[in-house]
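Laboratory data are not the source of any read-out in this text; all were calculated from the coordinates shown. Here the structure is a predicted model, which is why all the values come from computation and not from measurement. Virtual Cβ from ideal backbone geometry, glycine too; neighbours counted across all protein chains shown.
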Amino acid sequence: MFNDLKWLLEIRGSELPNGFSLLSDDGVDGKFLIYFYLTLFLDGPGHVCLVATSSTFARLSTVAQKLGFDLASYVAKEKLVVVDCFSQLLDGVFSCSAAAQPNVHSSFVLDESVGDAQLRPVYETVCSVIDGKPGAKWCVLVEDASQLLNAGVRANAILNLLHYCRVRTQQSGHLLAALVHAESVLNDSVDDDDAAMLVNTLLHWCDVHIGVSSLKSGLHQHIHGHLRIEWPVQNGVAKKPPVERHFKVLDRTVTVFAKGTSSAVL
């Protein structure tokens, strides 16, 4: 499943990636990238802590069922933990007025000016999940970080949450993957300071960026969009050259092919 993506990302056999993978979409629905990482870890020896920001567990289960995955069974096996971000947000809102209590995850330094207290319960829950299974390989999967902007959370607070999750996962050799909606931010064509700050900062932090965008020529029956995988530039040199392909989303996988090699063209 998703073998084309695994090949492009050089994921071989049962090995699982680590670091920070940034996922972005622009003009197309990139949610299939979330399911790529979800199935990659659940189908292998890994575990997933899914921070749900836009979908209910029922919705996630319905889509996963089409891919041949019964999420409820993985929850029962403790391979999958779903964190309801918005219920955690409410906990954060109500705790803002309460006296600060000591916590084992005190590395999350609050900056009340950007609303960090709202998101601290999310970070603490993620840490508790990871700590609950020492030695396990975890993927902390943030379903849709941009949805938090729509909920009124400030970009700085979202970035602080992702920063602490990134540090926490890197320290233990885990993976953090998060989806954002670029909405042409990458082309500087949208006047949205918060969205631009979120996307551009995460681009600077990530170890790999997987971006999907709509075709410049518009909708096409056999080609659903453009895929670009790029690795960060360090000391003026990229770890690897970027990869660009077209893709088509099928019922249980995604096919990836070089430009001009679609079956509709050949």
**Item:** LYS66-HIS204 FRET efficiency (beta carbon distance; Förster radius 25 Å; 0.05 resolution)
**Value:** 0.10
**Message:** Just to confirm a number: summing +1 for Lys and Arg and -1 for Asp and Glu over residues other than THR255 whose beta-carbon lies under 10 angstrom from that of THR255, what do you get?
**Reply:** +1
**Request:** Could you name the lysines whose alpha carbon sits less than 17 Å from that of LYS31, not counting residues in the same chain fewer than 8 places away?
**Result:** LYS6, LYS66, LYS248
**Message:** Using the Karplus curve 6.51 cos²θ - 1.76 cosθ + 1.60 with θ = phi - 60°, what ³J(HN,Hα) values do you get for each residue of region 70-82, in whole Hz, with x for Gly and Pro?
**Reply:** 9, 4, 4, 5, 6, 5, 5, 7, 6, 8, 10, 10, 9
**Prompt:** Quick one: putting +1 on the C-beta of Lys and Arg, -1 on the C-beta of Asp and Glu, what dipole do you get for region 1-91 around its Cα centre, in Debye to the nearest 20?
**Reply:** 220 debye
